[in-house]
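Participant: Got a structure for you, written out below as structure tokens; questions coming shortly.
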Amino acid sequence: MKKTQKVLLISGISFVALSGLGIASFKIMENSNEYEKAQLEIEARETEEQIEREREDVKIKAQREAKAKAVELEEKTAIYDGIEFETGLDEDSTETEVMDVMHKMTHQKVRSQDKWGAIPMSPKIIEEVYKIVDSSDFQHRDRLLSIAARWRDLDFSTIVQDHNFFWEDKEGTVGKAHGTLSAAEEIEYIEVNFK
């Protein structure tokens with residue numbers, strides 16, 4: 001009987017130990033899952049905060065770029081101080097007359113072999129041209145309006161194509177634009193032709 005008691009006692013102790021180990025393992029797993037869940041929540045929160053910081057950075061960058069563009073606009077338009085120039089255009093001007101003025105305006109910004117005529121690419125003149133084209137029924141009204149609108153926004157990214165459109169319309173043979181002037185070359189052009 002002693003042997004049976006020992007076996008029962010050892011079996012009971014083993015059962016209790018295994019049960020305790022099982023419960024402990026379950027608790028560890030449960031804690032592990034809670035820990036993992038907490039880690040995921042922390043990571044999600046950190047990701048959200050990172051996204052918010054990036055949004056803020058983009059916003060700040062956009063504000064800086066807008067401010068820089070405003071400064072650039074002020075600097076670009078400052079070179080026209082003291083320039084008074086009459087285009088000769090009015091609401092009765094023909095499409096050919098308007099295109100001739102716009103063609104001469106592009107000379108300030110493009111590189112070409114020869115240039116005949118110069119009219120400042122000033123905000124005042126751009127606005128004058130825009131209004132005349134806007135109220136017209138010209139054959140090329142949409143294209144001219146698109147060009148004038150870009151110029152209004154100080155977007156001269158297509159100035160070579162703009163010049164060559166006018167040049168081709170006049171059936172030019174010499175003076176096709178093949179590049180843009182640098183800022184220094186443009187200032188020199190303005191000083192030579194308009195001051």
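Participant: Just the residues that are within 22 Å of GLU86 (Cα to Cα) and not aromatic (Phe, Trp, Tyr), please, taken from the range 128-140.
Facilitator: GLU128, VAL129, LYS131, ILE132, VAL133, ASP134, SER135, SER136
So that you can scan it fast, the table gives a plain yes or no per residue for (1) at pLDDT below 85; (2) loosely packed, with under 10 Cβ neighbours inside 10 Å; (3) on the phi > 0 side of the Ramachandran plot; (4) in a helix (DSSP H, G or I):
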{"residue": "ILE51", "(1), (2), (3), (4)": "no, no, no, yes"}
{"residue": "ASP57", "(1), (2), (3), (4)": "no, no, no, yes"}
{"residue": "LYS69", "(1), (2), (3), (4)": "yes, no, no, yes"}
{"residue": "GLU72", "(1), (2), (3), (4)": "yes, no, no, yes"}
{"residue": "THR87", "(1), (2), (3), (4)": "no, no, no, no"}
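The values are calculated or read from the model by the stated rules, or taken from the named source; none is laboratory data. What you see is a predicted model, and the numbers here were worked out from it, not measured in a lab. Note: ideal-geometry Cβ built from the backbone for every residue, glycine included; neighbour counts use all protein chains shown.
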